1. Nothing charged except the Cβ atoms of Lys and Arg (+1) and of Asp and Glu (-1): what's the magnitude of the dipole of the stretch 85-158 about its Cα centre? Round to the nearest 20 debye.
2. Could you give the dipole magnitude of the stretch 95-232 about its Cα centre, charging the beta-carbon of Lys and Arg +1 and that of Asp and Glu -1, in debye to the nearest 20?
3. Assign one of three labels to the stretch 227-271, namely rounded, prolate or oblate, based on the Cα gyration tensor with a ≥ b ≥ c the square roots of its eigenvalues; rounded applies when a/c is under 1.5, prolate when it is not and a/b is larger than b/c, and oblate otherwise.
4. Can you tell me the order of 96-104, 175-183, 78-86, 12-20 when each peptide is scored by its average per-residue count of other Cβ atoms within 10 angstrom, highest first?
5. Given Cβ point charges of +1 (Lys, Arg) and -1 (Asp, Glu) and nothing else, what value in debye, to the nearest 20, does the dipole of the chain about its Cα centre take?
6. Figure the gain on full extension for Arg46 and Ile34 (residue separation times 0.36 nm, minus the Cα-Cα span) and round it to one decimal in nm.
7. Put a dot 7 Å past each Cα toward the Cβ at Lys307 and Arg152; how far apart are the dots in nm?
8. By per-residue mean of other Cβ atoms within 10 Å, what is the highest-first order of 286-295, 184-193?
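The values are calculated or read from the model by the stated rules, or taken from the named source; none is laboratory data. Predicted model, so just to flag it, every value in this text is computed and none were measured. All Cβ positions, even for glycine, are placed from backbone atoms using ideal geometry, and neighbour counts span all protein chains on display. Note: accessible area is taken over every heavy atom of the protein model, side chains too, but ligands, DNA and RNA are not part of it. Shrake-Rupley method; radii C 1.70, N 1.55, O 1.52, S 1.80 Å.
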Amino acid sequence: MIAASGLEAALGALPAVQRRFLETSGFAAGESEIALLPGEDGALARVAFGLGKAARPFLAGRLAQRLPAGTYRLEGDVGDEALAALGFALGGYRFTRYLPDRDKPRPRLAVSPSVDLSAIRDQAESIALARDLINVPANDLGTAELAAAARRLASEEGASFSLVEGEELEDNFPLIHAVGMGSDRAPCLVDIAYGDESAPKVTLVGKGIVFDTGGLDIKPPSSMLLMKKDMGGAASVLGLARMVMRAGLKVRLRVLLPIAENAISGRAFRPGDVLPSRKGLSVEIGNTDAEGRLVLADALALAEEEKPELIVSMATLTGAARVALGPDLPAFFATDDELAAGMEAAGRAVHDPFWRLPLWPDYDELLSSDIADVSHISSGPYAGAITAALFLKRFVAESAYAHFDVFGWAPKSRPIGPKGGEAQAIRALFAYLEKRYGKG
């Protein structure tokens, strides 16, 4: 690995033939510039990889994407080897379920003994779990399949698992039931618990809409193309939960996944309907394409009943957050500044960014309804991400609460991974929880 500023010294340390090859080919150590260098026998002996003028974290992921199969080790301007190794692991992810070359050999990285390879592997595999779930199309990942994936994770990690469905769901979680009743694939609520019951309670809630047509307020075709990713909040929460359980953090972890398909049929809920909620608030429906906050509301009400120390929700919730911050920078909201500052610091430390938006109380009146306790969408065109978060906050009264409005998708390849499903913010959240609660 060669920084542009160190190119001359790096060239001077190479054998003469390899140095002349790089000089002749014009290698300048530009960002992600790569050159394969042969040995005397003609076989690959070394790889020159440029870091550019200011090396970005995880740039080593490009090596995992471009190198031929084999085992490599990093040398030169490596910087933080653990960070580079994590970048290599994340950058090498492939979604191969539908590809014939799924078992094709890939490059591997050998690291020094000082690198915690187990921790890197746990993070990479947890993120791969979330990416895989998001990438699977909705014909193969319905409500039952997403619940089954959660059940498998609970079984693998020794956690308890329960599933609320059918009449029990209709009676106790009416908003989740209403969103899912238009589909032939039945809605449900996953409830996972892990850890010492006396430990601080932390509850993760993830939106699990396996496909979103928009309901009767149907989406245009271009907006429906990526709606397999509308369960990205649930997938991300499962990835984060796996990290927490693998690391043995000293928390009583609870995972709630409200799962449904927002489909169109004679049973689908309608604009103008007034629906009951688990919390007892009546909710006027302004637009059936804003279904995610409805399923989250019932799950958050359940989470709050236990009065955990912290509740975190994750959801592919609003286009407004994407307009404001783009696809790579999730929006987040928090009920107190200390919680927000801790999460932001963790995000900076592990290079997993997000940006805080305010729970601006003056906008709460935009959710007023003439015939119900609350409207579930704003009465105006502004501050869509904020009003969605304010709606969710009504269902969390006492616990510290943070909500992450994520995109769940990478629209193009990056060093940290290919185009496709992405588990945003979960490395930062894990780092925050690890620092706050420690390992068992």
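1. Dipole of the stretch 85-158, to the nearest 20 debye: 260 debye.
2. The calculated dipole for the stretch 95-232 is roughly 860 debye.
3. Note, shape of the stretch 227-271 comes out prolate.
4. Taking the mean over residues of other Cβ atoms within 10 Å, the ranking is 175-183, 78-86, 12-20, 96-104.
5. Taking the Cα centre of the chain as origin, the dipole is about 1620 debye.
6. Gain in length upon complete extension: 3.3 nm.
7. Output for this residue pair reads 3.9 nm.
8. 286-295, 184-193
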